[in-house]
Each structure stands twice: as C-alpha cells, then as structure tokens.
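Written out below as structure tokens is the structure these notes cover.
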Amino acid sequence: MNLSNRFSPRLSRIEVSKIRRFDQQISSIPNIIKLTLGEPDFQTPAPVKEAGIEAIKADYSHYTGMRGLEQLREAACLYQKKRYGLIYDPETEVLTTVGATEAIAASLMAILEEGDKVLIPAPAYSGYQSLIELAGAELIFLDTSETDFLCQPEQFEKAFEQYGSKIKAVILNYPNNPTGTALSREQLKKIADVLKKQPVFVLSDEVYAELSYTFIHASIASYLPEQTIVVSGLSKSHAMTGWRIGFIFAQKQLIDEIVKVHQYLVTAATTISQKAAIEALSNMEDSEKMKEHYRQRRDYLTARLRALGFAVSQPDGAFYLFCKIPDKLQNDSWQFCLDLAEKAKVACIPGIAFGQEGEGYIRVSYASSMEQLQEACSRIEGFLMK
Ligand SMILES: Cc1ncc(COP(=O)(O)O)c(C=O)c1O
C-alpha cells in the first residue's frame, strides 16, 4: 500500500535543514575541522553529572508533574531573578520543557492558527520556520543585514502598517544564532515601545543569555511582561544539550494555555535530567569558566578572521561569528563553504542556510578548542593565499 500521499499537506513545505544537508555533504572529507556545530565542545560539569547519577540511584524514574519538579521551578525562577531581574512565580509562571526546542514548539502550537503571520528578524535560526509552517502560519522576515544584524523598531512599525492584526507573534533571539549579535537594554526598550501597542505575543528565545560578553543580557520581558514568552534552557550555558532541559517563563494566563500543549506533547521533561538541572542552576562556577573560554576564543577568532579580510559582525554573544566573504572571492556562500571544506579542510555553515538575508556570509562556530581554531585559521589563510 502506498501511503506517501496521505501525509499532511503541510509537511510538503518542510525541507531537511540546510545545515544538516551541508554537514552531510562535507562530513566524509578526511581530517576536516568542523566549525559548524551549534553545541558546546565542553562536557557537562561533574557535579551536574553526579546529581543525575544520584537521581537514578534514588529511583527518580517516575513522571514529575507536567510543569516540572517544584525544586527545579524554584531554582529556575530564582536564577531569572538574580541574573536578569525577571520575577516569575514558580507555581504558575514557569514550565520545564524538553529543551528549548519543545518550549518553542509548544508555545507556537498554542498561539498560531492558519493564516497568522509571524515576524522574524533574519538571517535567523532555522528551527522556527518549519514549526510555524506546520501550524499553517506564515513567516515575514525582517532583513537585518543592512543594520549590523540588529532589528530596528521602524521595521516592526512598517510590518504592522502593512499586515496589521494578521501578525500574531514576533520572535526575537538575542544573543543571536547565527550572527552573534545582541541587543542592549536601550535598543530593546525602543522595540518594546512599538510592540506594546500591538496585540502580539513576543517569543523571546534567550538560550544564549548566559553567553553575553559585552553587556549583561537584557530581556524584552522586563518591558513587556504581559506579552512575552521567554524561552531558555541549559543546553548552551551548561553544556547539557543531550539532557534536554529547557524552560518557558511567562505570566500565568499564558503558561496556563501553553501547558495544555506541553502535556500532550511530552507529559513532562525527563525526571533524571530535572534533578541534574537543579544542581546546574545552583552552581554557576563551571558555566562561568566555559564562558571565559568562549570569550578568549571569540577574541582570537575575530582578530584572525578580520586580519584575513572577513568583515565580522559585532560578536556580543552566543558562540558564532557571522563573517562576510571578502568581495574579491565568490559571493555564493554555499559554493564558498564547499570550496573551503574541500580545499582547506575547514567546514563552516553557508549564510544562505539562515535565509536569503544571510547570503554572502558564513557562520563560524567557536564551540571548538583553541587548538582547532588556530589550525583552522592557518588553513583558511593558506586557502586565501592560493
Ligand atoms: C537559537 C536557538 N534556539 C533554540 C535552540 C535549541 O536548543 P535546545 O537544545 O535546548 O533544544 C538552539 C540550538 O541550537 C538555538 O540555537
């Protein structure tokens, strides 16, 4: 029996991620250095692993409540308060999710319907697009390539003039993947002033909040508490991608709705991971050490790549540099990255993987050891000299 035409028609709009496609294409090249990854090269801190092991031994093998363990919700809210001055009630205003990915999926499923429009500054992380399309909604990209990859209040104003109440949500992601840029408190306030006049949700993906190098991370939630759904998690800050712990922070009336989707998607996050997460949130020392390493690598890589002729966008956060391919070289980012992979044996992600607005750029991840970065720079230098 052929069931191939029995799938949801919405799936036909979903394509395999360009990042994955590119990665597959270059992975068989021997001795290649991959600066493609969006995940820490560090291991999960030892005390966090211990907490996970203890949880297994103590038989934490049952479901938790769907919002997550009380102790974890308390630790998460305390963390948001201490680090970013955001006040949430652990009982009603936080949800523990299966990574930031499920936080994004559950939030979008809760708010979007057919025909809605969602504004996204672009280039953008590719994880949002398919979820929005699966919900039958449409993306409107706001091109940030002319404004140092920082979205501007006027762009939102224009979009609201054009599309009005069809716009259901805005997604912000600062510090940003793929550009590494971040918005300051003042810039956020100006955007918030526009958004607060509109009946829209603001999904603020803050998974890289801890990796802010230039200024203390600020959240738009401090200006728009009633509209903002803050997404965060431990994958990046604590090198815990595989533990799959994320959070949603929002006011009670929003969480009460999103939790309905969350419970049917996953019931609850993994109990053992939740126990480990309590330890992670109570001990920032290891996370601070990793951040210091990222900062050193960022400084090194930025200086080297700029000296080699790449214009690098202001790297205020996350662990990516977004680099303009020098004018004298070819501008097709896919082909440039393929050449670089084949001839220099260094893999970076073509900017086009993050939307048309990223064409002409490459994303370089510095979630790799300093030795690897040094070797990669020497290889790129050799490639450019030929
Ligand atoms: C901007 C952004 N949001 C969300 C995620 C997903 O995070 P998690 O591993 O917690 O699901 C990533 C992962 O790369 C990301 O870059």
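The values are calculated or read from the model by the stated rules, or taken from the named source; none is laboratory data. Everything quoted here is computed from the prediction, not taken from an experiment. All Cβ positions, glycine included, derive from the backbone under ideal geometry; neighbour counts span all protein chains shown. The protein model used for the area step is the full one, side chains on, heavy atoms only, and it has no ligands, DNA or RNA in it. Shrake-Rupley method; radii C 1.70, N 1.55, O 1.52, S 1.80 Å.
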**Fill in**
Whole-percent carbon and sulfur contribution to the accessible surface of the chain (1.4 Å, no ligands, DNA or RNA) stands at 51
**Item:** Simple label model, 7 Å out from Cα along Cβ direction - Lys328 to Lys260, nm
**Value:** 6.2
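What number, rounded to the nearest 500 deg cm²/dmol, is the helix-based mean residue ellipticity at 222 nm of the chain, given -39500 (n - 2.57) per DSSP H run of at least four residues and division by all its residues?
Working: 12 runs with 152 residues, N = 386.
Calculated mean residue ellipticity at 222 nm is -12500 deg cm²/dmol.
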**Fill in**
Extension length gain for Asp339 and Leu384 (0.36 nm per residue less Cα distance), in nm, is 15.1 nm
**Request:** First measure r as the distance between the Cβ atoms of Lys81 and Asn2, then evaluate 1/(1 + (r/R0)^6) with R0 = 45 Å and state the FRET efficiency to the nearest 0.05.
**Result:** 0.20
**Label-point separation in nm, Thr147 to Lys190, each point 7 Å along Cα→Cβ** = 0.7
**Item:** Computed over the chain, the ratio Rg/Rh where both radii use C-alpha atoms and Rh is Kirkwood
**Value:** 0.96
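Restricting to Cα pairs below 8 Å that are 6+ residues apart, what does the relative contact order work out to for the range 191-311? Please round to a whole percent. Write down the numbers at each step before the final one.
Working: 105 pairs, mean separation 23.4, N = 121.
Once divided by the residue count of the range 191-311, the mean separation gives 19 percent.
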**Prompt:** Per residue, what accessible area does the range 46-283 have, given a 1.4 Å probe and all protein chains present, in Å²?
**Reply:** 41
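Taking each full run of DSSP H in the chain as one helix, which ones are at least 18 Å long along their axis (Cα atoms) and have mean Kyte-Doolittle hydropathy of at least 0.5? Don't skip to the answer; put the middle values down first.
On the way: long enough: 70-84 (21 Å, -1.31); 99-111 (19 Å, 1.41); 252-266 (20 Å, 0.19); 285-307 (34 Å, -1.98); 370-385 (23 Å, -0.01).
Result, helices passing both filters: 99-111.
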**Request:** Hey, can you grab everything whose amide H is under 5 Å from the amide H of Ile325? Only 5+ residues off in sequence or another chain; H modelled, so Pro and N-termini drop out.
**Result:** Tyr361, Ile362
